[in-house]
Amino acid sequence: MKVAAVQFAPVFRDVDANLRTAESMVQEAAGQGAQLIVLPELCTAGYSFQSVGEALPFAENLHHDSVSMALMAGLVDKFNATIVWGCVEKDHGTGDLYNAQVLMTPGGHHWTYRKINRWGNDFIWAKAGNQSPPVVQFLDKKLGMLVCRDAKNKASGWTDFYEPGDADVVCFSANWGDGGFPAERWVQFAAENHTWLVVGNRYGQERNNNFGEGGVCVISPEEEVYCDGLKWSEPCIVYAEIP
């Protein structure tokens, strides 16, 4: 399986611009033969909302009329690839907002995961998820899902989201922030869980948050880090072949 870890800086509160960028990056990755494409956390609208009211116009009902779902459904079928991305989700029943991740396979089948271990602005506008990430079968691989700080496994009431062998590949959408690359926790996560980790990430300053120069990569269970093609503070894609 050829995988692609995508990096770009979402434009805060500009869904149209961000979806155009996401579409372009997906087309580029698929054109290089990627079968699994992982985009950053909250890549449709940005991260730094200061109230529920501010985030609400950018929230999506992922089971009904959703602009990102419609776009990605067309792309997964066009390129016969699986796409993973982050967005603001509005629960259809409660109206609560979540920092969510979506995994969509060809045919429009999709699974969602809500970030549990919140950080920073998440506490202002997003509720914490309360379900473990799903594991999805795609080709001959078991695909897991995870959002940013959930890689730390320290949310209240949770000790770990995976056990070794649960997933062959974990699709990791992040807004990781400035710091060392690759983050030590990413490498530990791959080794501890005996899984490949595909890191989609962003870069740049957004309001009060400094996401630094970015950094995307693919990490093997043996702690090998693949980052050929990484560009600091620029849109880029890193590829790897997972045997």
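Only the coordinates and a few stated rules stand behind these numbers; no lab work does. What you see is a predicted model, and the numbers here were worked out from it, not measured in a lab. In this analysis, Cβ positions are derived from the backbone assuming ideal geometry, glycine residues included, and neighbour counts consider all displayed protein chains.
Sorted ascending by nearby beta carbons within 10 Å, beginning with the fewest, MET145, MET25 become MET25, MET145. Computed per residue of the chain from DSSP H runs no shorter than four, each worth -39500 (n - 2.57), the mean residue ellipticity at 222 nm is -5500 deg cm²/dmol.
Exposure proxy shown here: for LEU146, LEU71, the number of other Cβ atoms within 10 Å sets the order, fewest to most, as LEU71, LEU146.
Residue order for THR195, THR82, THR112, fewest other beta carbons within 10 angstrom first, comes to THR112, THR195, THR82. Count neighbours as other Cβ atoms within 10 Å of each site's Cβ, and list the trypsin sites (Lys or Arg not before Pro) in region 8-114 that are DSSP loop with at most 16 such neighbours. Those that pass, being in a loop and sparsely packed, are ARG13. Among the GluC sites (Glu not before Pro) in region 201-243, which ones are in a DSSP loop with at most 10 other Cβ atoms within 10 Å of the Cβ? Mind listing them? When the GluC sites (Glu not before Pro) of region 201-243 are filtered for loop state and at most 10 Cβ neighbours within 10 Å, GLU222 remain. By the Cβ distance rule (another cysteine Cβ under 4.7 Å), the unpaired cysteines of the chain are CYS43, CYS87, CYS148, CYS171, CYS236.
The Cα center of region 57-106 and the Cα center of region 4-44 differ in position by 13 Å. The lysines whose alpha-carbon is closer than 28 Å to the alpha-carbon of LYS90, local same-chain residues fewer than 8 away aside, are LYS78, LYS115, LYS127, LYS142, LYS152, LYS154. Look at the alpha carbon pairs under 8 Å that are at least 6 residues apart: their mean separation over the length of region 1-160 gives a relative contact order of 19 percent. Of all beta bridges that DSSP places with both ends in the chain, some 60 percent have antiparallel geometry.
Once the mean of 1/r is taken over each pair of separate Cα atoms and inverted, the chain shows a Kirkwood hydrodynamic radius of 17.3 Å.
By the combined test of axial Cα extent (at least 15 Å) and Kyte-Doolittle hydropathy (mean at least 0.5), the qualifying DSSP H helices of the chain come to 67-79.
Taking 16 Å as the straight-line reach from the Cα of LYS231, the aspartates and glutamates in range (excluding those fewer than 8 positions away in the same chain) are GLU28, ASP178, GLU213. Normalised by the number of residues in region 1-91, the mean separation of alpha-carbon contacts (under 8 Å, six or more apart) gives a relative contact order of 37 percent.
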